[in-house]
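The structure under discussion appears below in the form of structure tokens.
Each value in this text was obtained by applying a stated rule to the coordinates, not by laboratory testing. Everything numeric here is computed off the predicted structure, so don't read it as measured data. So basically every Cβ, Gly included, is an ideal-geometry build from the backbone, and we count neighbours across all protein chains shown.
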Amino acid sequence: MFNTAVSLVQDHGIAEDIAQEVFITVYKSILSFNERSSMSTWIYRITVNKCLDHLRAQKRQKRTGIFSQLFHKDTGEEVRGVTTFEHPGIQLERKENARYLFEAINALPENQKTVFVLAHIEEIPQKEIAEILNLSVKAVESLLQRGKANLRKKLSAIYDRRKTE
């Protein structure tokens, strides 16, 4: 649950908060669990929904507060740079490459990012991803293929940018 959250929101503190929210939701809703899917699928669905809700709220804040994001609140200095997110478990020598990979993953459209993270980082089978996201298996396959294609383009652009730096 935490790994899924940290992969989607790319912030350890927020992922911890989301994991706590998921536990609370599971505790409060366990009696309404209808067993149409497995317990793990149900918990993944709750986790993904909480992450997507957070990301959508974050996008709304970005749209309304673009100027506040350009400058640090306390110092008034200009904010610069790319994300420095590092996923737990990545070996030290691979951290820089992982940072670029997560930068590219984060730039994918929300649905492609979610499917890619669940399939390739969490290693969840496509059938279960379809259940988690209430999609058909074909839709998951399509999102995965488009996500991979977009990821190749984004990684190529990042690689080209790194060569010129």
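Brief remarks on what is shown
- Spacing of the two label points (7 Å from each Cα toward its C-beta) at SER136 and GLU21, in nm: 3.2 nm
- Residue-wise HN-Hα coupling along region 127-144, computed from phi with Karplus coefficients 6.51, -1.76, 1.60 (Hz; x: Gly, Pro): 4, 5, 4, 4, 5, 4, 9, 6, 10, 7, 4, 4, 5, 4, 4, 5, 4, 5
- Ignoring lysines fewer than eight residues from LYS113 along the same chain, the ones with Cα atoms less than 18 angstrom from its Cα are LYS50, LYS59, LYS127, LYS138, LYS148, LYS153, LYS154.
- Residues of region 113-127 falling in the label zone of SER156, defined by backbone nitrogen less than 18 Å from a point 7 Å along Cα to beta-carbon, are absent.
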